[in-house]
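The values are calculated or read from the model by the stated rules, or taken from the named source; none is laboratory data. A quick note: this is a predicted structure, and the numbers were derived from the prediction, not measured. Heads up, the Cβs are rebuilt from the backbone with ideal geometry, glycines too, and the neighbour counts pull from every protein chain shown.
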Amino acid sequence: MRVFDLATTPLRELNSALHTLAPGTNDTNFEVVNPRGSHSVAVGIDQPVVVEVHGSVGYYCAGMNDGGTVTVHGSAGPGVAENMMSGTVVIEGDASQYAGATGRGGLLVIKGNAASRCGISMKGIDIVVQGNIGHMSAFMGQSGHLVVLGNAGEALGDSIYEAKLFVRGEVKSLGADCIEKEMKPKHLKLLADLLEKAGIADARPEEFKRYGSARKLYNFNIDNAEAY
Amino acid sequence: MSYQNPYTPPRKSATFDDYTMAEIRRAAATGIYDIRGGGTKRKVPHFDDLLFLGASISRYPLEGYREKCDTSVVLGTRFAKKPIVLKTPITIAGMSFGALSGNAKEALGRGATIAGTSTTTGDGGMTDEERGHSEMLVYQYLPSRYGMNPKDLRRADAIEIVIGQGAKPGGGGMLLGQKISDRVAHMRNLPKGIDQRSACRHPDWTGPDDLEIKILELREITDWQKPIYIKVGGSRPYYDTALAVKAGADVVVLDGMQGGTAATQDVFIENVGLPTLACIRPAVQALQDLGMHRKVQLIISGGVRSGADVAKALALGADAVAIGTAALVAIGDNDPHWEEEYQKLGTTAGAYDDWHEGKDPAGITTQDPELAKRLDPVAAGRRLANYLKVMTLEAQTIARACGKNHLHNLEPEDLVALTLEASAMAQVPLAGTSWIPGKGGF
């Protein structure tokens, strides 16, 4: 286990160490202390490392993660796990806006709330939020899954493509071209798997509603102009 | 003897000219605005409105063909561990696989590599072909993040954060369904055949303070190796340049309204943004005010066609230029060879701009495999290399005549303007006077 104290060690040393593991090493566990809101903590991971961050982080923690397991024992600033390719990122506290933005794979679990634009332009990532999410979440969501145990803010899934959204609580409003969809058995199974992956035992898939694209804006039509 | 009134020819309105009335009828018939490729077609003050003075008694020229005039440029000297070194200050602007065929992208890579310059990806990600054929490849980081991944980020030679482009400052993009092949759809994580909307704002940052943090992230991910460019459309060039510098850019790319797009509303292309000529001096002024001129490099694009244009942009203070439309023309776009087919599409060679429809007879702006086959990437790459070399020679010819042993030694004092507008925009005197509007003189 390598420990990086960001109160005394430059961020560059942490990220550089994460990017330059010796081939075949089993020294893949990292601990970060005193992040104190630092930006870009543990970004660009491209190996199956395990990173435990003790404290809260600023922007883009675990950005573009590809295979790492990053746990933040605190809250995360904007853009946590943005463009994640694979791996797992867990935020024990709350996450600010753009959580999981453009993520392509992997699992992002937020145990608190997520602010606006959670899962914006998501492209394959799975995001599970145990609290509430803010407005414009899953905007232009292309693929992947967003699971919310609490409530969703305004304009959920605006201009959504093929991302699948599951919300247990209230949805303040749906965005353009986003509609409630039938929860079929295959979706219940999918949701059960996602909840299990996120380690959530106290929520049943039947309690959720599913939302996705009405696909009316997929090809431009002047008569739909009011929707844009 | 009967009197006949003299013939009075029918008079058409300057306001309601033929094109304007045809556009009104087209809008009324179709119910949709006109979408097209390319940059502005209106006449705006441009490099053509400037002239070089050349040498005289007080200026000593260099001997053509014997005395060296350096054309090299290094981009990314501010922070990047591995700046880009180009043999010519003419780069290839970002154009996507999707908008262009794979063969066209390959041709651009081949031509740029022969000429010793860089080419640039576009909205849609990096293909193996363009990486393989481009010795120096700039990877665009766009609002849509289509095809964005850290592996490609690391195998790029530089990263260009795209905030806007000259054809549509403030606009996103749309790749219409007819150009979405299986491969394009896969690269963009979207179903085949649907319109692909590209957002106009980045999804995970807003404003210059966030941008500074975003740049830090990209530098950390790439271990501070890659130059980071910021590309903006011509809009508020003084402030945009200053903010790009403040955010930590190595290079600022400034694209005027003559710069092309793959597909945008005609009303947007023609009515939003600044001419390239109007962008350069404010951007250079911002760099000078910050003490960063030549430390943060400035690339100018939008309507660069010849070595004269290159020399003029550099004389006004740019470090390099980028070409897009001109590069497409060099590889075969709008070539009269295909006139018969342009006619079938209701247009003519030189005017074809429906690049979004994917029916390009020249096989460049298409994903149709049969049309794409028409472009031989090796021969087209050679044409582009020839063109780049000619432009470089032309710029050298002018620089030598002005007594400069490096293109970067060209300066505003070498220039005069033919029109008041160009004089005001370029801040060089009206020809034959020492007068610059707003600056005094006589």
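Cβ-Cβ under 6 Å, sequence separation 6+ or interchain: first residue in region B:343-354 and under 12 Å from B:Val329 (Cα atoms), partner of a type in the set (Asp, Glu). Which pairs?
Short answer, once both residue conditions are applied: B:Ala349/B:Glu339.
In contact with a Lys or Arg (Cβ under 6 Å, 6 or more places away or on another chain), at pLDDT 95 or above, facing chain B (nearest Cβ under 10 Å) and under 16 Å from B:Leu218 (Cα atoms): does that describe A:Met64?
Details: in contact with a Lys or Arg (Cβ under 6 Å, 6 or more places away or on another chain): no; at pLDDT 95 or above: yes; facing chain B (nearest Cβ under 10 Å): yes; under 16 Å from B:Leu218 (Cα atoms): yes.
Judged against the criteria, A:Met64 is not a match.
Could you go through region B:334-352 and let me know if any residue there is at pLDDT 95 or above, buried (at least 19 other Cβ atoms within 10 Å of the Cβ) and at positive phi.
The answer is yes, given that some residue of region B:334-352 is at pLDDT 95 or above, buried (at least 19 other Cβ atoms within 10 Å of the Cβ) and at positive phi.
Among the residues of region A:2-60, what is the count of those that are within 13 Å of chain B (Cβ to nearest Cβ) and basic (Lys, Arg)?
Total satisfying the criteria: 1.
Return yes when B:Asp152 is out of contact with any helix residue (DSSP H, G or I) (no Cβ under 9 Å at 6 or more places or on another chain) and either within 14 Å of another protein chain (Cβ to nearest Cβ) or charged (D, E, K, R) (or both) and no when it is not. Full working, then the answer.
Numbers: out of contact with any helix residue (DSSP H, G or I) (no Cβ under 9 Å at 6 or more places or on another chain): no; either within 14 Å of another protein chain (Cβ to nearest Cβ) or charged (D, E, K, R) (or both): yes.
So B:Asp152 does not fit the description; no.
Got at least one residue in region A:64-79 being within 15 Å of the chain's Cα centre (by Cα) and acidic (Asp, Glu)? Explain how you work it out, then say what you get.
First, the residues of region A:64-79 that are within 15 Å of the chain's Cα centre (by Cα): A:64-72, A:75-79.
Adding the requirement that they be acidic (Asp, Glu) leaves A:66.
Yes, that holds for at least one residue.
So, restricting to strands (runs of 3 or more DSSP E) that lie completely within region B:92-204, which ones have at least 2 residues that are over 25 Å from B:Ala80 (Cβ atoms) and touching a residue at least 12 places away in the same chain (Cβ under 8 Å)?
On the way: elements: B:137-141, B:158-162, B:173-175, B:196-198.
Because the criterion is at least 2 residues that are over 25 Å from B:Ala80 (Cβ atoms) and touching a residue at least 12 places away in the same chain (Cβ under 8 Å), the strands (runs of 3 or more DSSP E) in region B:92-204 that meet it are B:173-175, B:196-198.
Looking only at residues in region B:17-54 that are closer than 29 Å to B:Thr276 by Cβ, of a type in the set (A, V, I, L, M) and modelled with pLDDT of 95 or more, which one is surrounded by the fewest Cβ atoms within 10 Å (Cβ to Cβ)?
B:Ala22
Can you tell me how many residues in region B:5-57 are touching a residue at least 24 places away in the same chain (Cβ under 8 Å) and among the hydrophobic types (A, V, I, L, M, F, W, C)?
Matching residues across region B:5-57 total 8.
Scan region B:202-214 residue by residue and report those that are facing chain A (nearest Cβ under 10 Å) and closer than 21 Å to B:Leu153 by Cβ.
Residues satisfying the conditions are B:His202, B:Pro203, B:Asp204, B:Trp205, B:Asp210, B:Glu212, B:Ile213, B:Lys214.
Which condition number does B:His406 fail, the rest of (1) crowded, with 19+ Cβ neighbours inside 10 Å; (2) touching a strand residue (DSSP E or B) at 6+ places or on another chain (Cβ under 8 Å) being met?
Single failed check for B:His406: (1).
Considering each residue of region B:78-91, count those that are part of a loop (DSSP other than H, G, I, E, B) and within 22 Å of the chain's Cα centre (by Cα), and give that number. It would help to see each step written out before you state the result.
Step one: filter region B:78-91 for residues part of a loop (DSSP other than H, G, I, E, B), giving B:78-83, B:87-89.
Pick out the ones that are also within 22 Å of the chain's Cα centre (by Cα) and you get B:83, B:87-89.
Qualifying residue count for the region: 4.
So which residues in region A:73-117 are of a type in the set (A, V, I, L, M, F, W, C), within 14 Å of chain B (Cβ to nearest Cβ) and touching a strand residue (DSSP E or B) at 6+ places or on another chain (Cβ under 8 Å), if there are any at all?
Listed by number, the residues that qualify are A:Ala76, A:Val80, A:Ala81, A:Met84, A:Met85, A:Ala95, A:Ala99, A:Leu108, A:Ala114, A:Ala115.
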